[in-house]
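The values are calculated or read from the model by the stated rules, or taken from the named source; none is laboratory data. As the structure is a prediction and not an experimental result, all values here were calculated from the model. Here the Cβ positions follow ideal geometry from the backbone for every residue, glycine too, while neighbour counts run over all protein chains shown.
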Amino acid sequence: MTSTGDSEYAGDMAYAGELTIGAFARASRLSPKALRLYDELGLLAPARVDGTTGYRYYTGAQLERARLVAWLRRIGMPLARIADVCDLCETDPPAAGQDIGAYWARVETETAARRDLVTFLVDQLSGNPAGKGVEEMSDMRMRFAAGSDRGLVRAVNQDTAYAGSRLLAVADGYGDGGARVSGAAVEALAELEQSVRGGDVLNGLADAVDRVNRTANGESGTTLTAMLWTGSRLALVHVGDTRAYLLRGGDLSRITHDHTLVQSMIDAGGLTAEEAQSHPQRALLLRAVGGSEEHARPDLRLHDVAPGDRYLLCSDGLFTVVRPDDLRRVLSTAAEPADAVRDLIALALAAGGPDNVACAVAYAVTV
């Protein structure tokens, strides 16, 4: 006796030019089980379904889409996004290629963050000194400074900046209570300077964000970027569009990823970085402290510190009006973090100071 599923391998009832599900599975390198699932999801419907037997039949013209689905599944792309890419391939193949590239760039970023975490955990469990507390690292220290300014347009300053012996933090509040929420977020993190060590650092950062998020009223909130030094690494927590930059070897790189609508459009290949600067919804946040639990979920990662590294955390009141080349120049030439903070805020004000501006700067030095 042959089951209904197995019967779909039989080809004697197929019309000319049709392929049974078994033949189509072999040609597309997708299993019959996967083809049935993709049919149910509307991702890859058969050309014909026999009304009596329920057998599925496909055509050779469907192989290109099926093979694309197989390739995209191999790189781990979610089914919903695969459907969008496949549809886009039919109307705009270059745009589909950009979307695939944007997806993979995001995967590589997240993989790098997980790799850092794995290294950190291995160090913690194996007793590697690189993962021990800052009090045990006698050969490297941080010099630091922070500052904030109301700007030349805003009536109040809702930005908060902090620099301490282990913590750098910048928060950009919004809503009527934005200043209170941004201050509370930074205060909650500052408490960790004395209380959190080693393997507890990422949990401590996540818990602090969660506590502040639960006390926000939903009408007000804040973005937040902070780095807590633990041994030879910085633990990074990030929500929203405040940013962290690293100057290393003369090169300036951004080590955070904006949680904004325009950044998601850039990631999807629908917008260039240049177009994003003038987009009418460039300030629309997808994540922030003060939203739902999911919308307040922070990025958490660990970052290795090298002697000579210079770090900048800042609100959008700085990076939207001061060019990256100028950020790099100031970080490269300022003798002390306090000089860099002063000069960066002055540049933002010279550019019109349309928003509050906050920044925190740290230099990693050997002693």
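Per-structure values
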read-out	value
Count of the range 149-191 residues which are among the small types (G, A, S), more than 17 Å from T225 (Cα to Cα) and touching a residue at least 60 places away in the same chain (Cβ under 8 Å)	2
Only listed residue being at pLDDT 90 or above and either touching a helix residue (DSSP H, G or I) at 6+ places or on another chain (Cβ under 9 Å) or aliphatic (A, V, I, L, M) (or both), chosen from V209, V196	V209
Any helices (runs of 4 or more DSSP H) falling wholly within the range 186-298 and containing at least 1 residues that are over 26 Å from D326 (Cα atoms) and over 17 Å from the mean Cα position of the chain (by Cα)	192-195, 201-215
Matching residues in the range 154-171 - criterion: being in contact with a Leu (Cβ under 8 Å, 6 or more places away or on another chain) and of a type in the set (D, E, K, R)	R166
Any hit, the range 64-72, residues being on the phi > 0 side of the Ramachandran plot and within 30 Å of the chain's Cα centre (by Cα)	no
Tally of residues being touching a helix residue (DSSP H, G or I) at 6+ places or on another chain (Cβ under 7 Å) and not in a strand (DSSP E or B) across the range 54-72	10
Sole residue being in the same structural domain as R282 (by TED's automatic domain parsing) and touching a Gly at 6+ places or on another chain (Cβ under 7 Å), chosen from E191, E219, E187	E219
Residue match in the range 348-364 (condition: within 16 Å of L247 (Cα to Cα), free of Cβ contacts under 8 Å to residues at least 12 places away in the same chain and either touching an Asp or Glu at 6+ places or on another chain (Cβ under 7 Å) or hydrophobic (A, V, I, L, M, F, W, C) (or both))	no
Options R81, R48, R73; residue that is at pLDDT 90 or above and surrounded by 14 or more Cβ atoms within 10 Å (Cβ to Cβ)	R48
Residue in the range 246-254 that is surrounded by fewer than 17 Cβ atoms within 10 Å (Cβ to Cβ), in contact with a Ser or Thr (Cβ under 7 Å, 6 or more places away or on another chain) and closer than 28 Å to A334 by Cβ present	yes
Selected residue (criterion: farthest from P298 (Cα to Cα)) from residues of the range 249-265 that are in contact with a helix residue (DSSP H, G or I) (Cβ under 7 Å, 6 or more places away or on another chain) and in contact (Cβ under 8 Å) with a residue 40 or more places away in the chain	G250
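Conditions (1) touching a Phe, Trp or Tyr at 6+ places or on another chain (Cβ under 7 Å); (2) outside the structural domain of C359 (by TED's automatic domain parsing); (3) in contact (Cβ under 8 Å) with a residue 24 or more places away in the chain, marked per residue:
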{"site": "L228", "(1), (2), (3)": "no, no, yes"}
{"site": "G231", "(1), (2), (3)": "no, no, yes"}
{"site": "A235", "(1), (2), (3)": "no, no, yes"}
{"site": "G240", "(1), (2), (3)": "no, no, yes"}
{"site": "A244", "(1), (2), (3)": "yes, no, yes"}
{"site": "L247", "(1), (2), (3)": "no, no, yes"}
{"site": "D267", "(1), (2), (3)": "no, no, yes"}
{"site": "A273", "(1), (2), (3)": "no, no, no"}
{"site": "L284", "(1), (2), (3)": "no, no, yes"}
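Residues are listed down the side, and each one gets a yes or a no for (1) part of a loop (DSSP other than H, G, I, E, B); (2) assigned by TED's automatic domain parsing to the domain that holds I255; (3) within 18 Å of the chain's Cα centre (by Cα); (4) within 20 Å of D258 (Cα to Cα):
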position	(1), (2), (3), (4)
L302	no, yes, yes, yes
G308	yes, yes, no, no
G317	no, yes, no, yes
V322	yes, yes, no, yes
L327	no, yes, no, yes
A340	no, yes, no, no
